[in-house]
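Notes for the one structure printed next.
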Amino acid sequence: MAASMVEHGEDAFRKLFKFYKRRSPPPDFSDVLNFAKPFNDKMFACELNSTSVSEEDVSKAGLQPVKDWRAFGLHGYPGFIFISNPFLPGSQQYWVKQCLKMYPQKPNMCNLDMHMSPVETENIWEKSIDIIRKKGCGKREPKTLLEKLRWVTLGYHYDWNSKTYSPDHYTPFPKELHSLSHKVAAACGFPGFNAEAGILNYYRSDSSLGIHVDESELDHTRPLLSFSFGQTAVFLLGGTKREDRPTAMFMNSGDVMVMSGPSRLLYHAVPCIIPNPAGDMLPPCLGQRLETEDHDIIQSVSEEDWDVCSWYLQTSRVNVTVRQVLASGQTFPSSQASHLSMDSCEKSEEETQKNKKRKSESGYEHDT
């Protein structure tokens, strides 16, 4: 079992990461927490602020009333909140469509921009859907741009080389995602949360996210929000040091995580994606359609669009992390040379070779 396989010690996180990432033999998931099932002694119920946002307002963003959310904390992780799928039936389809069709559009940035021209990466959705529809006809088709997508940045665009944000590298943050994030943050005790940057990660069945700390934002007093859609992932939440053994948990479609306070700067990673046992089926919550159209923000997804989205999600997962970069009234420093790295493995030159090895083993940012 995983619990007996790794104890505290040198780089215990990396050992457990490799344990869950391995394919042969398959890892044992019996020690992975599942918040969709009854409590165990590591979890406790969190009481959220149900009066912070009205039922009408959360409904507009496709959320259930806050009083009905199933929110949990973990012993030993103050500031960490796990909300088990607070979305109204059918509303996840809208957010999936935004992530696959709308958010990869220009002027937002994506991984394809690193080796393709802006003209080639325009309208990723439109350039992909015809090929995707042919894939169901038994013909072997090349990978589409949508299948090659690994990340998209919103608002203040994260610079993967310098590990910083810049006031000169900004595009308007999506209003509907800002509204969703604002409501979730308020319910968790953070009124006035200002969504300024987003990183969308697109996981295929063989993808992983390496061990890192999200510390590039200038203000760490505001929470980091994480929204998950599609196939289930194993999420590892560690401590402030790599020597701290992490806790493993499942992230299912619709689940929301909030990392705040002492948990805001903890090591974490995603070692693997776990496809639905039925192979080509989606989680049941993704097959639901909107019951009404009276939501203001979210809208029904056309059958044509959902056919593409559902095909993609049969083997994939999309994760959206939303951050507030600056404190209220704060501005960017004139020089950002001293900014901390998003991956604290890369803090010193003397560790460069060691970090290269870690990247190859952990799939830092993504295995492509």
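Each value in this text was obtained by applying a stated rule to the coordinates, not by laboratory testing. All values derive from a computational prediction rather than experimental measurement. Note that each Cβ is placed from the backbone with ideal geometry, even for glycine, and that neighbours are counted across all protein chains shown.
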Under Karplus coefficients 6.51, -1.76 and 1.60, residue-wise ³J(HN,Hα) of the stretch 242-250 in Hz, glycine/proline x:
5, 6, 7, 5, x, 9, 9, 8, 7
Quick note, the stretch 53-124: a/c under 1.5 would make it rounded; otherwise a/b > b/c is prolate and the rest oblate (a ≥ b ≥ c, C-alpha gyration tensor); here it is oblate
Among the trypsin sites (Lys or Arg not before Pro) in the stretch 216-290, which ones are in a DSSP loop with at most 13 other Cβ atoms within 10 Å of the Cβ? Mind listing them?
LYS241, ARG289
The stretch 83-142 versus the stretch 158-221: alpha-carbon centroid distance in Å
19
Loop GluC sites (Glu not before Pro), the stretch 285-335, which have at most 16 other Cβ atoms in a 10 Å radius of their Cβ (DSSP):
GLU291, GLU293
Whose amide H sits under 5 Å from the amide H of GLY79, counting only residues 5 or more places off or on another chain, with H placed in the peptide plane?
none
Can you give the local net charge around GLU304? Use residues other than it whose beta-carbon is closer than 13 angstrom to its beta-carbon, Lys and Arg +1, Asp and Glu -1.
-2
In order through the stretch 26-32: 3J(HN,Hα) via Karplus (6.51 cos²θ - 1.76 cosθ + 1.60), integer Hz, x for Gly, Pro:
x, x, 8, 9, 5, 9, 7
Heads up, the stretch 12-323 by the C-alpha gyration tensor (a ≥ b ≥ c square roots of eigenvalues; a/c under 1.5 rounded, else a/b over b/c prolate, else oblate) looks rounded
